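The structure under discussion appears below in the form of structure tokens.
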Amino acid sequence: MIEISGLTKTYASGLQALKNVSLEIRKGEIFALLGPNGAGKTTLINIVCGIVMPTSGSVRVAGHDILRDYRITRAKIGLVPQELTTDTFETVWGTVSFSRGLFGRAPDRAYLEKVLRQLSLWDRRNDRIRTLSGGMKRRVLIAKALVHEPEVLFLDEPTAGVDVELRRDMWELVRKLRFDGTTIILTTHYIEEAEEMADRVGIIAGGRLIAEGTIDELRVRAGQGHTNLEDTFLTLVAEQQAA
């Protein structure tokens, strides 16, 4: 579903956020992207989503180049960003309806209702976003990312600072989406979430993809004695930083 080849990003300041990253993500899998703060995770996501321009390398989504076929690839992707960016004076229903229309999708009240019910937002559909709690605003962002029925869903730190109920609801929804064939890429600081949810894991440190594979494959690479993903992650990152 996603093919990344030799991806590099150098900002005007000289910061090289990504260094020759190559990665393939399969259709219908949950792929967790782990790494320390500043490792390049968000830059990678933003390039695939068409928000940031790469310096070199290529990215294809469902066989389409993200630069040459921008409109096609962007319509296939839903993004839930870290920041709570919403139109605070709009209603929940108004903002998700507008998001669906942005991608050229015909109005579909039944589908919007389904998404809002899945996220426990249906009873708040006529509320203005500024009246919602932080957790409810996070739910609205997820709804906005889903209403155009994307084939790929990016979740960038989706559960950071949210309540346990939302985390539970979100992972239940993620499992349903994966069952329906949606490809899901998530970044998270909660390594136990990646361990529970992900089919495969990629570890980024210093702008480089230093390891990727199943959790068992990464444990083997890190060496004996690693019983959980957190220990494996810390060992691999430490090895990269020492190199």
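Among the residues making up segment 181-199, those that are in contact (Cβ under 8 Å) with a residue 40 or more places away in the chain, of a type in the set (Ser, Thr, Tyr) and assigned to a loop (DSSP other than H, G, I, E, B) are 182, 188. Of 31, 89, 98, which residue is in contact (Cβ under 8 Å) with a residue 12 or more places away in the chain, farther than 25 Å from residue 198 by Cβ and either aromatic (Phe, Trp, Tyr) or part of a loop (DSSP other than H, G, I, E, B) (or both)? Among 31, 89, 98, only 89 is in contact (Cβ under 8 Å) with a residue 12 or more places away in the chain, farther than 25 Å from residue 198 by Cβ and either aromatic (Phe, Trp, Tyr) or part of a loop (DSSP other than H, G, I, E, B) (or both).
Looking only at residues of segment 164-204 that are modelled with pLDDT of 80 or more and touching a Pro at 6+ places or on another chain (Cβ under 8 Å), we find that the one that is surrounded by the most Cβ atoms within 10 Å (Cβ to Cβ) is 186.
When you scan segment 121-163, how many residues do you find that are of a type in the set (Phe, Trp, Tyr) and surrounded by 19 or more Cβ atoms within 10 Å (Cβ to Cβ)?
If we filter segment 121-163 for residues that are of a type in the set (Phe, Trp, Tyr), which is where we start, we get 122, 154.
Still in the running and surrounded by 19 or more Cβ atoms within 10 Å (Cβ to Cβ): 154.
So the answer is 1.
Count of segment 85-101 residues, restricted to those that are surrounded by fewer than 17 Cβ atoms within 10 Å (Cβ to Cβ) and under 20 Å from the mean Cα position of the chain (by Cα), is 1. In segment 76-95 there is at least one residue that is more than 28 Å from residue 204 (Cβ to Cβ) and small (Gly, Ala, Ser). Summed over segment 205-234, residues that are at pLDDT below 80, under 24 Å from the mean Cα position of the chain (by Cα) and among the polar types (S, T, N, Q) total 2. Restricting segment 1-15 to residues that are among the polar types (S, T, N, Q) and in a strand (DSSP E or B), the residue that is surrounded by the fewest Cβ atoms within 10 Å (Cβ to Cβ) is 5. Put simply, of 178, 219, 168 the only residue that is without any contact (Cβ under 8 Å) to a residue 24 or more places away in the chain, within 23 Å of residue 116 (Cα to Cα) and assigned to a helix (DSSP H, G or I) is 168. Taking segment 54-79 as the range and being touching a residue at least 40 places away in the same chain (Cβ under 8 Å) and in a loop (DSSP other than H, G, I, E, B) as the test, the residues that pass are 54, 55, 62, 76. Looking across segment 102-112, the residues that are among the aliphatic types (A, V, I, L, M), in a helix (DSSP H, G or I) and surrounded by fewer than 19 Cβ atoms within 10 Å (Cβ to Cβ) come down to 102, 110.
Mind listing whichever residues of segment 143-174 are of a type in the set (D, E, K, R) and more than 22 Å from residue 110 (Cβ to Cβ)? Reasoning before the result, please.
The initial filter retains those residues of segment 143-174 that are of a type in the set (D, E, K, R), namely 144, 149, 151, 156-157, 163, 165, 167-169, 172.
Selection gives 156, 157, 163, 165, 167, 168.
Could you check how many residues of segment 103-115 are over 14 Å from residue 148 (Cβ atoms) and touching a residue at least 24 places away in the same chain (Cβ under 8 Å)?
Taking segment 103-115 as the starting set, the residues that turn out to be over 14 Å from residue 148 (Cβ atoms) are 109-110, 113.
From what's left, touching a residue at least 24 places away in the same chain (Cβ under 8 Å): none.
Adding up the residues that qualify gives 0.
The single residue among 118, 82 that is over 30 Å from residue 6 (Cα atoms), in contact (Cβ under 8 Å) with a residue 12 or more places away in the chain, surrounded by 14 or more Cβ atoms within 10 Å (Cβ to Cβ) and touching a helix residue (DSSP H, G or I) at 6+ places or on another chain (Cβ under 8 Å) turns out to be 118.
The values are calculated or read from the model by the stated rules, or taken from the named source; none is laboratory data. What you are looking at is a predicted structure, and each value in this text was computed from that prediction instead of being measured. Using ideal geometry, Cβ is built from the backbone for each residue, glycine included, and neighbour counts are taken over all protein chains shown.
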